[in-house]
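**Student:** Got a structure here, written out as structure tokens. Questions coming.
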Amino acid sequence: MTVLKNLYDVQQLLKKYGILVHLGKRKWDIELMAIELDNLYKAGLLEKKIYLNAKLVLKHEHEYEERLEREKGWTS
């Protein structure tokens, strides 16, 4: 099984399915990647362990982005 450790790993997983995400804001990219992962899993294209691993990575990255926004006083 492939272990996904960071956002780049998740991007490479999505790329295998022809999915490239770039909306211009990292937080938005992470949110769209999560939606695309859901769609791949629902379509039966991803194993549950890989899906959950990727979702956990995205959750961590999203929380990091939100923490940065709070520290800088930004809102989305």
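**Student:** In whole percent, and with a 1.4 Å probe on the protein chains, what portion of the accessible area of the chain is carbon and sulfur?
**Tutor:** Details: 2910 of 5350 Å².
It is 54 percent, rounded to a whole number.
**Student:** State whether the chain is rounded, prolate or oblate according to the following rule on the C-alpha gyration tensor (a ≥ b ≥ c being the square roots of its eigenvalues): a/c under 1.5 gives rounded; otherwise a/b larger than b/c gives prolate, and the remaining case gives oblate.
**Tutor:** Prolate, because a/c is 1.5 or more and a/b exceeds b/c.
**Student:** Per residue, how much accessible surface does the chain expose to a 1.4 Å probe? Answer in Å², no decimals.
**Tutor:** On the way: 5350 Å² over 76 residues.
Dividing the accessible area of the chain by its residue count gives 70 Å².
**Student:** For the residue pair ARG26 and GLU63, what label-to-label distance in nm results when each label sits 7 Å from Cα along the Cα-to-beta-carbon direction?
**Tutor:** 1.6
**Student:** Please state the charge dipole magnitude for the chain, taken about the Cα centre, from unit charges on C-beta atoms (+1 on K and R, -1 on D and E), reported in debye and rounded to the nearest 20.
**Tutor:** That gives the chain a dipole magnitude of about 160 debye.
The values are calculated or read from the model by the stated rules, or taken from the named source; none is laboratory data. Everything numeric in this text was worked out from a predicted model, so none of it was measured. FYI the Cβ positions are ideal-geometry reconstructions off the backbone, even for glycines, and counts take in every protein chain you see. What goes into the accessible areas is simple: the full protein's heavy atoms, side chains included, and nothing from ligands, DNA or RNA. Shrake-Rupley method; radii C 1.70, N 1.55, O 1.52, S 1.80 Å.
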